[in-house]
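J.: There's a structure below that I have some questions on.
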Amino acid sequence: MYLQQMIELFTQLNYPETLIKENLLPILQGRVFHERKTLLHKNEIPKELHFVAKGYGRVSYLNDDQQTITARFVKPVESLNLNQDFLKQIPSPVRLEVYKESYVYTITYENFSKLYDNDHQFKKAITLLLAKQLYDKARDAEILKISKLKFARILAYLPYYPDLKTHASNPEIASKLGISSTTVWRYFNNKK
């Protein structure tokens, strides 16, 4: 259904289209979620790698006060969990979920590791994808650091996630940006 997006993503990562079609597409499994769905609970070992094709995903954790904090949002053609937990098969400290009306591609760890171990160009593409994710994390951290004004954080963050508000709640956005949900509510109500 959204295979072209995956082809474009991996082509941008210098993975040849012929290899995408031969090696990657056969191991991708697509699933649609009509309701919000948790794909991985805290302390579970991630057995699948997830790519959001449509909709949004969310990575969250509990802080010391047992409040749920959004670590990051995941938009289409981004991976929810290409990280050390998946690569090393260790318990995850975070929870992964997708919002309603999402379409997600998954690759089992077994299929991923076979392709990763046997296809040098796929390994390079995954390395580039990890580098992009690190860049995105650094960008998000900079937005939080340099934007002391609360509305400025929203203004700096939303261009990267333009339709986030149609998926995420005010408290979820607020927890990501380190501001109050009232501030998020005011921002979106003033835009109307």
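J.: Rounded, prolate or oblate: pick one for segment 1-152, where a ≥ b ≥ c are the square roots of the eigenvalues of its C-alpha gyration tensor, a/c under 1.5 means rounded, and failing that, prolate if a/b is larger than b/c, else oblate.
T.: Prolate shape, in that a/c is at least 1.5 and a/b is the bigger ratio.
J.: Normalised by the residues of the chain, what does the relative contact order come to in percent, with Cα pairs under 8 Å and at least six apart?
T.: Computed over the chain, the figure is 24 percent.
J.: Students often forget the sequence filter, so: which lysines lie under 28 Å Cα-Cα from LYS88 once same-chain residues fewer than 8 apart are removed?
T.: LYS21, LYS37, LYS42, LYS47, LYS54, LYS75, LYS114, LYS123, LYS124, LYS132, LYS137, LYS176
Every number here is computed from the coordinates shown, using simple stated rules; none is lab data. Just so it is clear, the model here is predicted, and its values are computed rather than measured.
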